[in-house]
1. Which condition number does residue 209 fail, the rest of (1) at pLDDT below 95; (2) crowded, with 22+ Cβ neighbours inside 10 Å; (3) among the polar types (S, T, N, Q) being met?
2. Restricting attention to the range 195-219, report how many residues are more than 16 Å from the ligand (Cβ to nearest atom) and under 17 Å from the mean Cα position of the chain (by Cα).
3. From 2, 46, grab the single residue that is more than 19 Å from residue 193 (Cβ to Cβ), in contact with a Ser or Thr (Cβ under 6 Å, 6 or more places away or on another chain) and among the small types (Gly, Ala, Ser).
4. Considering only residues that are in a loop (DSSP other than H, G, I, E, B) and in contact with a strand residue (DSSP E or B) (Cβ under 7 Å, 6 or more places away or on another chain), which ones fall in the range 136-152?
5. Do you know which of the residues in the range 54-92 that are more than 19 Å from residue 23 (Cα to Cα) and β-branched (Val, Ile, Thr) is nearest to the chain's Cα centre (by Cα)?
6. It is to be established whether one or more residues within the range 121-135 are in a strand (DSSP E or B) and either within 19 Å of residue 204 (Cα to Cα) or more than 15 Å from the chain's Cα centre (by Cα) (or both).
7. Restricting to the range 252-292, name every residue that is more than 17 Å from residue 241 (Cβ to Cβ), free of Cβ contacts under 8 Å to residues at least 12 places away in the same chain and of a type outside the set (Gly, Ala, Ser).
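The values are calculated or read from the model by the stated rules, or taken from the named source; none is laboratory data. Please read these numbers as outputs of a predicted model, since none were measured by experiment. FYI the Cβ positions are ideal-geometry reconstructions off the backbone, even for glycines, and counts take in every protein chain you see.
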Amino acid sequence: MSQIAEYIWLDGHGRVRSKTRVLDSDIIPDWNYDGSSTYQKFVSDSEVMLYPVKSFPDPLRGESNILVLCETDYEKCTRRIARDIFEQHPELEPMFGLEQEFFIYDKSTNLPVGWMADSAPEPQGDYYCAVGADVCQSRAYMECVLGYALAAGIKLTGFNWEVAPGQAEFQVCAIGIDAADHLIILRYLLMRIGEDFNLYVSFDNKPFTNWNGSGLHTNFSTKEMRENDNGIDMIHTAINKLALTHHDDLKLFGENNHRRLSGKYETSSAAKFTYGAASRNTSIRIPTSTTKDKKGYFEDRRPGANANPYIITANMFKVVCGDDESLPE
Ligand code: MG
């Protein structure tokens, strides 16, 4: 019986692309695509190879059909670069909790759900973790993404409505390269399922000046930070390392992220590296549970929603734990 495989990869702007292949056996072959139409190649030399690295059950097509995550031979394939970095120290078991924020847009108005062209919603305060149709819309879409993502085996830990109307976040938690892999499949499902609801998501870091932007808050720990009695000391050492690379790291945190990191709307200012316990206006937050237990994890609040998760996670691991690979900007 034939099997339908949806090959998924990132284009030259870090956006998810996909195409469909019908397979007549269990073998998932390499494939290719036109890189001149994905911001990656010139027309005269356009072919980019797809190398399947991981497959997931396809919850939309059901049965034995699959989603196939791919690396490519594009010279800036960020998954390949991240994998090389993670493979240096797998014994450290780097864990990432990625908080993917986004706005949900209504295709018929090109405005976030709940927004009207001639009137701005009321000021913030009512929408975070909201319940009720007066303050939250498109819950059926979010529930659909939740169910399908879990059916695909994505390591989700939850979702919530965010500070702005029409804004939400999903959280993914996994070890090493899995964290970014699962986030990419989540992004695919957010975009693909949106088609069926006449909705689309925007990962724009700061779509509206007077509302919170969207981030990709990155919670991080190594096995030792989580388990050792002196885990908190290792976390402080890690934060000191991140302070030294702050201005270089900012270049990796997504397009137009400087507009989001204004120091207002629950962000820190990009100009200065800061950290604090339970703080939401610093670069790094040390959770109350970490302070209390003297071990645990910390949160990097600087990455923006449109950041490439391979770059974000691999850079964190490289700065805190690793050696020498360079990352593309
Ligand atoms: Mg959030």
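1. Residue 209 satisfies every listed condition except (2).
2. So the answer is 1.
3. Details: 2 fails: in contact with a Ser or Thr (Cβ under 6 Å, 6 or more places away or on another chain).
On inspection, the qualifying residue turns out to be 46.
4. Filtering the range 136-152 down to residues in a loop (DSSP other than H, G, I, E, B) leaves 136-138, 152.
Scanning the range 136-152 gives 136, 138, 152.
5. 78
6. Looking through the range 121-135, none of the residues is in a strand (DSSP E or B) and either within 19 Å of residue 204 (Cα to Cα) or more than 15 Å from the chain's Cα centre (by Cα) (or both).
7. Of everything in the range 252-292, those that are more than 17 Å from residue 241 (Cβ to Cβ), free of Cβ contacts under 8 Å to residues at least 12 places away in the same chain and of a type outside the set (Gly, Ala, Ser) turn out to be 264, 288, 292.
Okay, residues lined up against (1) in contact with a strand residue (DSSP E or B) (Cβ under 7 Å, 6 or more places away or on another chain); (2) within 16 Å of the ligand (Cβ to nearest atom); (3) modelled with pLDDT under 95:
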{"residue": "134", "(1), (2), (3)": "no, no, yes"}
{"residue": "170", "(1), (2), (3)": "yes, yes, no"}
{"residue": "175", "(1), (2), (3)": "yes, no, no"}
{"residue": "236", "(1), (2), (3)": "no, no, no"}
